[in-house]
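Take a look at the structure set out below.
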Amino acid sequence: MNKLNKAMSIVTAVLSLSVISVFGLMTFFGEKKDRSFDENRQLAAFPDPSFKEMYNGSYAEQVDRYMTDHFAGRSKWVYANDRIQEELSESIVNGVYVSKERLLDTEVSGQDNSLLLENAGIINDFALKYDNATTVYIVAVPSSTGVYGDILPSHIISRSESQKINELYQLLINKIRTIDAYNILKMMKDNYIFYRNDTKWTSYGAYCVYKTVIQKLGFQSTLYDKYIIEHVTDTFRGDLYNRTLSDKPKADLIDIYNCPDSAEVISCERILNDGSVTAGEIYDRSRLDSSDMYSMYLGEDVPVLKIKTSNQNDKKLLVIKDSYADCFIPFLIQHYSEIIIVSPDQLDRELSDIININDYSQTLFLFGINDLDKEISLEKITERN
């Protein structure tokens, strides 16, 4: 029996060593990718050797990260690991609740409202500084969890995004005109207003809020039946899928709302931090072949996007936004002769160094409420004392 046990131990060791060697060689010599399509993230590059990093141990950590990111068959291992997490942790994978209907983010943000307070202060400073030039409006948009959190198991604490939006609006000065998106979306929750695999709203969800926003801005909204809706893809899986790789919920649709009777886009320009200008697009269909299909709306994020239309009303709008606004912007085009769209997290200098803010009689802040509870580099939109 001892001989048999010894033989089995040798066989097990040889097999284990063989498997490790094979996968190690496959990893080392296999094709390397710069980006994970499923996870929508950049993969680690092989680090350049450095004596200092070798000495303090960080080089070994970088090599380990590289080997982990490029391990042979990695995507299948990650998928299997996530399914095990799902079974062992009551359908929670990397902080995301997995159900057949949809994925929901369950990571509750902290109770410290310092960042919300800071961002509200920056918006207040902007409104005060440009008080004589522009009227400031704000829309804080809930995530899918904020609207559908009631489907979470009772033991999971869902963040109260409604309360967070109210807290933000109370922090803003009276000069700023707040617009409710939460109750509109909550009322429409039985419709396809949020993606099943992403935290963000769909184009229809954005349209539902657009009707109220545009009236506050002084225009009549365009009736829904005036649009021709094009389904450009039915295979979209967003940020929550990237964290879980769960294919339980059905893949999502991405839509383009075309209004034949609306104003035409005359030009769309991307303005970079150095002042250089390149051609942009309202809909960059090439992004549908990327790991970030949602970026089809407005294309790759840039500091400033400038849109001019055939409208002759001389109305100009400044939009300061995060990604929630990307599918919302097309609804605004028919109402303005010019729209400037600013992504604060892309700015590396003061916004006033790039555009003349006084040229825009209206300014719309449009952010997901959870982004306003983070450090999002809003300070670049105005100088603070």
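What follows is calculated from the coordinates using simple rules that are stated; it is not laboratory data. Please read all numbers here as calculations on a predicted model, not as lab measurements. We place every Cβ from the backbone using ideal geometry, glycine too, and count neighbours over all the protein chains shown.
Summary table
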| quantity | calculated |
| --- | --- |
| Greater than 31 Å apart at Cα, pairs in 175/308; 211/308; 164/308 | 164/308 |
| Pair residue 350, residue 131: separation of 7 Å Cα→Cβ label points (nm) | 1.9 nm |
| Residues residue 177 and residue 375, FRET efficiency given R0 of 25 Å [Cβ-Cβ distance, rounded to 0.05] | 0.45 |
| FRET E, pair residue 234, residue 273, Förster distance 25 Å, beta-carbon r, rounded to 0.05 | 0.10 |
| Added length on full extension, which subtracts the Cα-Cα distance from 0.36 nm per residue, residue 187 to residue 211 | 7.2 nm |
| Rounded to whole Hz, the Karplus (6.51, -1.76, 1.60) HN-Hα couplings of segment 184-191, x for glycine and proline | 4, 5, 4, 5, 9, 4, 7, 9 |
| Unsatisfied cross-links (Cα-Cα over 21 Å) in the set 100/374; 306/380; 129/316 | 100/374 |
